[in-house]
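The values are calculated or read from the model by the stated rules, or taken from the named source; none is laboratory data. Everything numeric in this text was worked out from a predicted model, so none of it was measured. Cβ placement follows ideal geometry from the backbone for every residue including glycine, while neighbour counts extend to all protein chains displayed. Accessible surface is based on the protein model in full, side chains and every heavy atom, while ligands, DNA and RNA are left aside. Shrake-Rupley method; radii C 1.70, N 1.55, O 1.52, S 1.80 Å.
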Amino acid sequence: MNGEVLAAEKTHSTAEQPIREHESFIRKIPDQMPRFKFDSGFEFTYPDAVRGIYVTGHSAGGEKFNQLIDLVDKTDLNAMVIDIKDDHGYLTYKPEETSAFKDIGKPYIKDPKKMIKTLEEKQIYPIARVVVFKDTALAQKKPEWSYKAGKEIWKNGRGESFVNPFVKEVWDYNVQIAIEAAKMGFKEIQFDYVRFPEGFENRDASLVYSMGDYKDVKMDNVQKRVKAVTDFVAYARKELEPYDVKVSVDIFGYTATLPEAPGIGQNFSKISENVDVISSMIYPSHWTSYFGIAKPDTEPYKLVVEYAKLEKRKLDELKTPPISRPWLQDFTASWLGSGNYLVYGKKEVEDQIRALKDQGINEYLLWNASNRYTPKVDYTP
């Protein structure tokens, strides 16, 4: 997680074709022909409101999985966001030998079908997390789909590489992985890192990369980045339609405070128009002194209330707003230094949940990178 287009529809005209009509040949054609819908064989009911936790591939495939199942089963939690394509670009399971992705499969989740079956038995809503443009594995394999600094593939300060949202082959690569997850039985695909690298506006001129079909678009580079990211989301949602899954996107919380984030290409409103669910990452620890709150990590209730008010105004402007399902903080940000953070426990987690509820938002996800969640939390205060 962050330290945090549209395919042209082909139409077929019959206007030029000869008309042969006789009453014995006339058949009643339904107003809408049934469309192909994939059936994974698993049945899940969408919860009253999704209340979920993040689960790594290691946790989903290891001993911790039973503990996490137990946590969800014995509380008002009801969903899991499970890594399917992780932050390094690897699948968290071994796909079939015939899969185009068998070389990026890792054996963390030994039996994905068994895992989904367990979730079905407990009616735990399954969400597949697919990390999109942060992808060191693909960048190394396909440097032409990434960014170059001199002759080397560019890396950020953490040694991570990204692939390029302007390259439509990258779109299809990730959409096909999402389709595999849908076929596996997941009911929602959550795309993360749907963006350019942080601070891209400061290295735009120095990196070498393709602008693909966007090269000749009459826009400045900021708007081109916004268009590429938005177009990817719209394209992915369209391609996933036959698989009867919801599409959600993780987005930086601060993007809702801006017309758009200039470097990374995220426009809150434009992405929201093209998803079923928007999940802003609003961890109090990740804000500077926004909303007049000097030390946001020490005031989780107030920070979340102020964000939720702002988000509601933005979503109310849309014709078809998505479900709001923010990511909340269940970890302690000690790196902020003494006096700037709280040790997050039951009260701090409940304060965030209550803040959302007080603003009419009933869905949320909890983030803890190591999947150690605070015990005895009231998940529906």
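A few comments on the model shown:
- Note on the chain: with neighbouring protein chains present and a 1.4 Å probe, carbon and sulfur make up 49 percent of its accessible heavy-atom surface.
- For the range 261-270, putting each phi into the Karplus relation 6.51 cos²θ - 1.76 cosθ + 1.60 with θ = phi - 60° gives couplings of 7, x, x, 8, x, 9, 10, 3, 5, 5 Hz, in residue order, rounded to whole numbers and with x for Gly and Pro.
- Close amide H partners of Phe191, meaning residues 5 or more places away or on another chain with modelled amide H under 5 Å apart, are Val130, Ser248, Val249, Asp250.
- Residues whose placed amide H lies under 5 Å from that of Thr332, excluding near-sequence neighbours: Tyr344
- The trypsin sites (Lys or Arg not before Pro) of the range 39-105 that meet both conditions, a loop assignment by DSSP and at most 14 other Cβ atoms within 10 Å of the site Cβ, are Lys74.
- Here is the list for the range 202-304: trypsin sites (Lys or Arg not before Pro) lying in DSSP coil, each with at most 11 other C-beta atoms within 10 angstrom of its C-beta, are Lys215, Lys218.
- With a cut-off of 19 Å on the backbone N, the residues of the range 350-375 near the modelled label site 7 Å out from His88 along Cα-Cβ are 369-371.
- Förster-model FRET efficiency, 35 Å R0, Glu63 and Asp358, C-beta, rounded to 0.05: 0.40
- The range 32-111: chymotrypsin sites (Phe, Trp or Tyr not before Pro) falling in loop per DSSP and having at most 15 other Cβ within 10 Å: Phe36, Phe38, Phe42
- Over the chain: helical MRE at 222 nm, DSSP H runs n ≥ 4 each giving -39500 (n - 2.57), nearest 500: -8500 deg cm²/dmol
- The HN-Hα couplings worked out from phi for the range 345-353 by the Karplus form 6.51 cos²θ - 1.76 cosθ + 1.60 (θ = phi - 60°) are x, 3, 4, 5, 5, 5, 4, 5, 4 Hz, whole numbers, x standing for Gly and Pro.
- Residues whose amide H lies under 5 Å from that of Trp327, counting only those 5 or more places away or on a different chain, are Ser280, Met281, Ile282, Leu365; hydrogens are built 1.01 Å from N in the peptide plane.
- Hz values of 3J(HN,Hα) by residue in the range 155-168 - Karplus curve (6.51, -1.76, 1.60), Gly and Pro given as x: 10, 7, x, 9, x, 9, 10, 10, 9, 9, x, 6, 8, 6
- Rolling a 1.4 angstrom probe over the protein heavy atoms with all chains in place gives the range 60-126 an accessible area of 50 Å² per residue.
- Of the whole protein surface, Met211 contributes about 40 Å² of accessible area at a 1.4 Å probe radius.
- A simple spin-label model places pseudo-atoms 7 Å from Cα toward Cβ; at Ala205 and Lys148 they are separated by 2.1 nm.
- Between the range 257-271 and the range 35-74, the alpha-carbon center distance in angstrom: 30 Å
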